[in-house]
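Each value in this text was obtained by applying a stated rule to the coordinates, not by laboratory testing. Source: prediction; values computed, not measured. All Cβ positions, even for glycine, are placed from backbone atoms using ideal geometry, and neighbour counts span all protein chains on display.
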Amino acid sequence: MIHRYFVWLHRWTGLLMTVFLIVVGLTGTLLAFRSKIDRVLNPQWHASPEPGQLPLDLATLAEKAESLVPNARPGYFAIDNDQASIALRFRTNPATGQPYQSDFDHLILDPYTGRELGRCCASPDWRTNFLPFVYKLHTSMAMGSVGAWTLGIVALVWTLDCFVGFYLTLPRGNGGFWQRWKYAWQVKWRANVFRINFDLHRAGGLWFWPLLFVFAWSSVMLSLRPVYDRVTSAVFDYQSDEVALAAYALPQPLWNPKLTWRDAQTIGERLVADMAAEHHFTVTRPYGLAYIPEFGVYTYDVRGSNDIRGHGWDTGVWVDGNTGALRQVFLPSGQHSGNTVSTWLWGLHYGDIRDFLPYRIMVALFGVILTMLSITGVYIWWKKRAVQRRAAEQRNWRPGTSAGESELRRAVG
């Protein structure tokens with residue numbers, strides 16, 4: 001009875017999730033190599049330095065951005081090998097009391113000269129809008145916050161269904177457990193079409209179960225954060241973003257701090273150097289800088305020998321925008337076990353574990369595998385439904401012991 005209930009649950013949750021999983025799977029395959037695809041589509045946004053040329057420091061790039069777009073302050077930005085992509089926070093227009101309006105929200109600079117390379121996404125050219133659209137599809141089905149919450153619920157159901165699907169692969173009855181279970185890991189390529197699809201669905205789910213669970217649960221982390229925070233807090237020592245940020249929120253945003261970008265960079269360099277000595281890691285290079293008006297802090301981030309990801313910001317500090325005092329320290333691991341797990345989930349989800357190319361390729365292939373699992377699941381349901389209808393038409397069908405079930409048993413083997 002329990003097995004039949006789980007079969008029903010797996011079937012219908014799978015059908016309801018099919019479209020969502022296919023979309024996030026295929027878009028995830030593209031996003032695994034997002035930076036490389038962007039270089040092909042938009043070469044004008046990527047600089048080629050002269051031999052021996054070094055990138056400008058972070059403060060200089062922030063000052064360049066402010067001079068180019070005076071109605072905005074740089075939000076978070078990071079230096080890559082061939083571009084500095086700077087998120088912009090538009091100031092309040094005193095005439096309207098609302099933020100200045102613009103058709104772009106990112107400024108792209110040459111990290112070696114500060115020259116403007118482009119504005120994203122101000123151009124109607126499909127090349128500049130393709131990857132941002134793919135990203136919106138992947139994170140919200142291009143439906144804004146409603147789509148993001150919907151994907152979060154799908155991710156939670158997907159996480160639970162991982163365990164239901166695993167349970168359904170286990171052999172029932174007594175004796176020879178491992179001998180019988182080994183067939184669930186195999187595909188009979190010489191069998192009929194239904195059996196091949198059934199085996200691909202079952203064996204594929206088993207072989208890639210760890211990735212299925214990691215991507216399902218990390219999707220909950222990214223799209224349904226309250227649920228993720230509650231579960232993680234119950235299992236690990238964990239400081240959620242909501243708790244951490246609430247401690248720094250100001251009654252009103254501080255748009256004009258006393259410290260300049262250069263002050264913040266100098267203080268950040270000193271604080272990170274002290275942190276590196278204390279926690280025994282090496283700073284590879286400066287990576288990112290930002291100012292957050294809502295908290296009145298500058299963020300200063302670096303690449304370090306302790307980082308889990310090859311890109312992104314794992315190591316850094318928050319500096320008070322008025323006093324220069326240290327407000328917060330961020331390390332990729334070791335502070336809170338739950339936050340360490342979260343950092344790993346970020347890296348695993350984005351295919352970025354110390355920029356290890358084989359894993360990134362695996363993540364790209366996983367999107368195709370997820371699509372295959374979804375399509376084979378729909379095919380199995382459609383085939384079973386067709387058999388049951390045909391059996392009912394022949395008046396040989398009875399609930400629980402049908403000719404349709406007998407035919408399916410023969411097909412499965």
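Each of PHE215, HIS279, ALA59 was placed along the dipole of the chain (beta-carbon charges, centred on the mean Cα), and the one lying farthest toward the positive end is PHE215. When the chain is treated as a GNM with alpha-carbon contacts under 10 Å, the residue of VAL134, VAL297, VAL243 showing the greatest mean-square fluctuation is VAL243.
Using 1/(1 + (r/R0)^6) with R0 = 56 angstrom and r between the beta carbons of PHE130 and TRP178, what's the FRET efficiency to the nearest 0.05? It would help to have the intermediate numbers written out before the result.
Numbers: r = 48 Å, r/R0 = 0.86.
About 0.70, to the nearest 0.05.
The distance between label points at ASN81 and SER67 comes to 2.9 nm (points 7 Å beyond Cα on the Cα→Cβ vector).
Between ILE353 and TRP209, the modelled labels are 1.8 nm apart [label points 7 Å from Cα along Cα→Cβ].
Distance from the C-alpha centroid of the stretch 350-367 to that of the stretch 50-124: 29 Å, rounded to the whole angstrom.
One Cα centroid belongs to the stretch 130-151, the other to the stretch 259-291; the line between them spans 34 Å. Classified by the C-alpha gyration tensor, the stretch 238-321 has an oblate form. Its axis ratio a/c, with a ≥ b ≥ c, is 1.5 or above, and a/b does not exceed b/c.
When both the stretch 327-343 and the stretch 167-246 are represented by their alpha-carbon centers, they are found 26 Å apart.
Assuming a ≥ b ≥ c are the square roots of the Cα gyration tensor eigenvalues, decide whether the stretch 1-78 counts as rounded (a/c under 1.5), prolate (otherwise, with a/b larger than b/c) or oblate. Prolate is the answer for the stretch 1-78, as a/c is 1.5 or above and a/b outweighs b/c.
Considering the dipole of the stretch 45-128 built from charges on the beta carbon (Lys and Arg +1, Asp and Glu -1) around the Cα centre, which of ASN71, THR92, ILE108 is farthest to its positive end? My answer, from the dipole projection, is THR92. For the residues PHE208, PHE90, PHE177, a GNM of the chain with alpha-carbon springs under 10 Å puts the largest fluctuation on PHE177. Computed over the chain, the per-residue total of -39500 (n - 2.57) for DSSP H runs of n ≥ 4 gives a 222 nm mean residue ellipticity of -17500 deg cm²/dmol, rounded to 500. How tilted is helix 225-235 with respect to the longest principal axis of the chain? Cα atoms for both, answer in degrees (0 to 90, nearest 10). Computed tilt is about 80 degrees.
Rounded to the nearest 20 debye, the dipole magnitude of the chain is 2880 debye, with +1 charges on Lys and Arg beta carbons, -1 on Asp and Glu beta carbons, and the Cα centre as origin. GNM, the chain, Cα, under 10 Å: largest mean-square fluctuation among LEU357, LEU271, LEU21? Top of the fluctuation ranking is LEU357. Spin-label model, ASP263 to LEU170: label points 7 Å out along the Cα-to-beta-carbon direction sit 6.2 nm apart.
What is the percent of Cα-Cα separations in the stretch 46-144 that go past 22 Å?
Working: 1837 of 4851 pairs.
Above the 22 Å cut-off, the stretch 46-144 has 38 percent of its Cα pairs.
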